[in-house]
Each structure stands twice: as structure tokens, then as C-alpha cells.
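The numbers here are math on the coordinates, done by the rules we state, and not lab data. What you see is a predicted model, and the numbers here were worked out from it, not measured in a lab. In this analysis, Cβ positions are derived from the backbone assuming ideal geometry, glycine residues included, and neighbour counts consider all displayed protein chains.
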Amino acid sequence: MFFKLKPDSPGTFGRKTLYGGELTDTPPQIYRMHYEFDRWSPDELLEVNSVFVGTVAFEELVKSIAPRPTGITFDDMTITTTLAFRQANPGKELPPYRWVKIVGKGGVDDFGLSSDHRLVVSARIFGYIKQKVENCKAILFTPSSSPSKPPTPQG
């Protein structure tokens, strides 16, 4: 069993993001990640345009799961906050974040992307992370969740 997730998105790509193509491509081709927070979110896994970031605590949780989850790697990134964030949250310090790279296939690996570029996690993983992603929308994932034609009779 797998779940399709839509993590909270309290920010956007920052100006230090290095990308190929357009940032509006889904998912965009990112070479260096910079996430800029517009608002606070308590969730430990966040998204912007099918690109994911997670707290260091989220990374440690994932790496502590045995057997080791498939379809995910972590990398360095930059985080900043907007003026609006700082005005709404005076003195608020963000936890350290890591770039969460989803390299698996949805419905196959523990972490993967669906054909519409949404995050898909195995039920095993969802059990570990669901308390860390309170603002995340989750639905049951079926690989055939997009409309398809009925099979053509073979003759």
C-alpha cells in the first residue's frame, strides 16, 4: 500500500536556486536549492513545485528506519526568510533543513514520484512520518489513479 502526499508549501524558490529550464517546469531541474520561507510551518517535510525540503530531524528519522528506505537522498541547501516572515515571526529561528531528493518510482520504492510528479510513500514510511507532516494532504495511491482507456480486446 502507498500514499500520495501533498506537503505544505510555506515558501518559494529563493534567488540562489540554480536550475535548468524554467522554475515553472514540473518538476524543475534543480542544481542548487534555495528555499525562501514566506510563512512558518511546523511540518518537517515541505514542498515547492514537486521539489522537497526537510528538517535535519526528518533526515535523521528516515535514516534510522530499518531496512533503509529506498528512493530518497539528501543534499545541502540554503534557506532564508522573507521580510513578511520575519515581521510575522519576530525572533523565530528555523531549524536546519536539507534538500530531499526523491529518486524512486511511486508505487515501487519507499519514496517516489507519481506520473503527475506528486510524492508517493510506502505505508511503512507513512507510519513513521505522518506525525511530522500535520499539514500534509494524504490519499491512498493507486498507480492507475489517472483516467485510462479500457483495455482493447486482443484477437
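Here 64, 9 are placed in order of increasing Cβ neighbour count within 10 Å, fewest first, which gives 64, 9. Ordering 99, 40 from the fewest to the most neighbouring beta carbons within 10 Å gives 40, 99. Candidate cross-link partners of residue 130 among the aspartates and glutamates, defined by an alpha-carbon separation under 20 Å and a same-chain spacing of 8 or more, comprise 8, 43, 44, 47, 59, 60, 109, 110.
In terms of Cα to Cα distance under 24 Å, which lysines are near enough to residue 132, apart from those fewer than 8 places away along the same chain? Result set, ordered by chain and number: 4, 6, 63, 92, 101, 105.
Helices in the chain, meaning DSSP H runs of at least 4 residues, each add -39500 (n - 2.57). Divided by all residues, the mean residue ellipticity at 222 nm is -3500 deg cm²/dmol. Please work out which option in (1) 1.12; (2) 1.07; (3) 1.25 gives Cα Rg over 2.2 N^0.38 Å calculated from these coordinates, and answer with its label. This structure yields the entry labelled (1). Note on 77, 33, 1: ascending count of other Cβ atoms within 10 Å places them as 1, 77, 33, the fewest first. All other residues whose Cβ lies under 13 angstrom from that of residue 32 are scored, Lys and Arg at +1 and Asp and Glu at -1, for a net of +1. Most tightly packed first, judged by the mean number of other beta-carbon atoms within 10 Å of their residues, the peptides 21-28, 134-141, 43-50 read 43-50, 134-141, 21-28.
Relative contact order of the chain: 30 percent, from C-alpha pairs under 8 Å at least 6 residues apart in sequence.
A Cβ-based charge dipole, computed about the Cα centre of the chain with Lys and Arg at +1 and Asp and Glu at -1, lands at about 220 debye.
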